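A short worksheet on the structure shown next.
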Amino acid sequence: MIRCLPSRFAATLLLWMPVLVFGQGGEWWSLRTTDSSGFVTIERLELTEPSEAHTWWQRTVQNHLFDFSDARRSQNLIVVDPVVQAFVGSIRTSNGADNEKARAWWDNIRGARFQGVIDGKWQLGGELLERQGLAEPLLGHWATDYRIPGWGRAKLGKESGYNTVDEAYFDVMFTRGWVGRVRKAWGWDAGVDALHIGAGRASAFLSRHAAPAPYVRVTHHRASHRTSLWTTRWMSTRRGPLGETSESLLDRSRALFLTHQHSIGTHVVVQGIYNFSWETTPQEAAGGWETLGFAEGELYKPTRHVAGLDFQFHQQVASARVTVFTQQSLTWIGSTRTLEPLTRIVGVHARGQKWTVRAEWAERGSAHCRDCHPISDGSRGPIQTELSNAGINIHSLWDESLRAETMVRFRKRWMVRAAAEQNDLALAWHTDVLFELQPTWPMRLWIGIGHCRSDLLDVPFEGYTGMRMGVHAGVLNWK
């Protein structure tokens, strides 16, 4: 650990200065600290008290890497930890017993995350990451569309090659950060993040897979209820009209979220969610839309209304906390003047002292489409705002998926992590064994194996088995 004198200049410089370190820093969503209902809180720091061990090595293996806090950590606190994931492995593909071949597989993430408190009032934190890799085919399905789940738009290929699903080289950046303050019953925060809604990975409103986006949020909370309002902006993968620049800009959408969460007793949480979004690039109305209030050739901006409920049941069973959750969202289709099902989620999450288990089922409805909503004569009606950011659907990666995952810690530093999922494209599972070297960053070594079988991936084989080993730091479990 390196301890420095606190100063506002040092804190400001730290936010922009690149930190060149080696090591590891937890899951890429590690700063998304939530309460028991899955709400992303303003006060979402994960901090460790400094060790006062006599040797520098003992302090290093227990403390944050850089500590710019004041002596007592009473008013100003700034810590920085490394984020580096590096693994290598081998993928063996098979299309029958007599047709097998192996290729290399690797992934490399590096960067830094920071967390802080300024003047004892302002909470802040963030991450700046860069990632390259040669994807396994299921991730290659996304990379060949120039996007990585949870990260956003990505580059593809290298030296006119490595641009197919079975050999996809990708390059992507990731930026996330926030600053906020809580005062009595009110709180506000702003930054770049995806404020997921619900206790699951997928969501009927905003999932953990969504790429970060700029936002400003205001929250009011009491003992039994909480209301939150925020505005954000999404980026599409479509280019807008060619303007004064040589390359047209990407189309954008703006969105408002309003949530109200109410606790009924100690076991039941009910949350109502409303989301209104609109695209900023005007579209031209087609003929035959007069009954919908559009004249032929009229310019309009696509909009979308989404509303629904999040229901959770919480129960303490011995030393474990169990949460059963379900969500349902609906969208208003103007061309048919009907409410259509959008996304539904059902799941359970249990956490003990040394283990956690989660299982969930998610299904997206056909109403997610942007421009396929019919009118009375069978033609397409007005466009609805696209529910995606940087090419990643904000609700769920798949039209339908069933997933189960668990992590168990045994002894002090050893862990086992496993997951299995069946989705639109494949049936896949993986298992990892991890050894924790440094609990604060945290830094872990791991070795793992996984298998995927699919007849729908655009690859010349039916399935593949992958093995990997390296330093754990980031997206171990992107799907």
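The values are calculated or read from the model by the stated rules, or taken from the named source; none is laboratory data. Small disclaimer: the values here were computed from a predicted structure and weren't measured. Here the Cβ positions follow ideal geometry from the backbone for every residue, glycine too, while neighbour counts run over all protein chains shown. For accessibility, only protein heavy atoms count, side chains too; no ligands or nucleic acids. Shrake-Rupley method; radii C 1.70, N 1.55, O 1.52, S 1.80 Å.
Things worth noting here:
- Extreme residue, nearest to residue 321 (Cα to Cα), among residues of the range 357-393 that are surrounded by fewer than 17 Cβ atoms within 10 Å (Cβ to Cβ) and polar (S, T, N, Q): 366
- Residue 217 being open to solvent by less than 20 Å² (accessible area, probe 1.4 Å), out of contact with any Lys or Arg (no Cβ under 9 Å at 6 or more places or on another chain), more than 19 Å from residue 402 (Cα to Cα) and not β-branched (Val, Ile, Thr): yes
- Residue in the range 324-339 that is closer than 24 Å to residue 293 by Cα, open to solvent by 40 Å² or more (accessible area, probe 1.4 Å), touching a helix residue (DSSP H, G or I) at 6+ places or on another chain (Cβ under 6 Å) and in a strand (DSSP E or B) present: no
- Residue among 122, 106 that is under 20 Å from residue 465 (Cα atoms), open to solvent by 50 Å² or more (accessible area, probe 1.4 Å) and out of contact with any helix residue (DSSP H, G or I) (no Cβ under 9 Å at 6 or more places or on another chain): 106
- Residues of the range 47-89 that turn out to be touching a strand residue (DSSP E or B) at 6+ places or on another chain (Cβ under 6 Å) and part of a helix (DSSP H, G or I), as a count: 0
- Selection from the range 135-177 of residues that are of a type in the set (A, V, I, L, M), assigned to a loop (DSSP other than H, G, I, E, B) and either open to solvent by less than 10 Å² (accessible area, probe 1.4 Å) or within 17 Å of residue 392 (Cβ to Cβ) (or both): 154
- Any hit, the range 79-93, residues being more than 27 Å from the chain's Cα centre (by Cα) and open to solvent by 20 Å² or more (accessible area, probe 1.4 Å): yes
- The residue that is farthest from the chain's Cα centre (by Cα), counting only those in the range 245-266 that are surrounded by fewer than 12 Cβ atoms within 10 Å (Cβ to Cβ) and closer than 22 Å to residue 198 by Cβ, is 265.
- So residue 441, is it under 30 Å from residue 63 (Cα atoms), of a type outside the set (D, E, K, R) and part of a loop (DSSP other than H, G, I, E, B): yes
Conditions tested, residue by residue: (1) part of a strand (DSSP E or B); (2) more than 23 Å from the chain's Cα centre (by Cα).
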| site | (1), (2) |
| --- | --- |
| 356 | yes, no |
| 361 | yes, no |
| 378 | no, yes |
| 412 | no, yes |
| 432 | yes, no |
| 435 | yes, yes |
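- Residue 3 vs. criteria at pLDDT below 70, of a type in the set (D, E, K, R), open to solvent by 20 Å² or more (accessible area, probe 1.4 Å) and more than 30 Å from residue 269 (Cα to Cα): yes
- Odd one out for residue 281 among (1) among the hydroxyl-bearing types (Ser, Thr, Tyr); (2) outside any strand (DSSP E or B); (3) open to solvent by less than 20 Å² (accessible area, probe 1.4 Å): (3)
- Cβ pairs under 7 Å, 6+ apart, first in the range 453-469 and assigned to a loop (DSSP other than H, G, I, E, B), second open to solvent by 100 Å² or more (accessible area, probe 1.4 Å): 462/453; 462/455
- All positions within the range 274-290 that are over 30 Å from residue 310 (Cβ atoms) and touching a residue at least 12 places away in the same chain (Cβ under 8 Å): 281, 282, 283, 284, 285, 286, 288, 289
- Criterion (in a strand (DSSP E or B) and open to solvent by less than 60 Å² (accessible area, probe 1.4 Å)) met by exactly one of 344, 304: 304
- Qualifying residue in the range 194-204 (condition: charged (D, E, K, R), surrounded by fewer than 22 Cβ atoms within 10 Å (Cβ to Cβ) and part of a loop (DSSP other than H, G, I, E, B)): no
- Which numbered condition residue 457 misses (of (1) open to solvent by 20 Å² or more (accessible area, probe 1.4 Å); (2) over 23 Å from the mean Cα position of the chain (by Cα); (3) of a type in the set (A, V, I, L, M)): (1)
- Residue 233 more than 13 Å from the chain's Cα centre (by Cα), modelled with pLDDT under 95 and either polar (S, T, N, Q) or not in a loop (DSSP other than H, G, I, E, B) (or both): no
- Just one of (1) at pLDDT 95 or above; (2) within 27 Å of residue 83 (Cα to Cα) fails for residue 401. It is (2).
- Residue 226 modelled with pLDDT under 95 and open to solvent by 10 Å² or more (accessible area, probe 1.4 Å): no
- Residue match in the range 185-193 (condition: surrounded by fewer than 23 Cβ atoms within 10 Å (Cβ to Cβ), out of contact with any Pro (no Cβ under 7 Å at 6 or more places or on another chain) and not in a strand (DSSP E or B)): yes
- Residue ID - farthest from residue 110 (Cα to Cα), chosen from residues in the range 390-410 that are touching a residue at least 60 places away in the same chain (Cβ under 8 Å) and in a strand (DSSP E or B): 401
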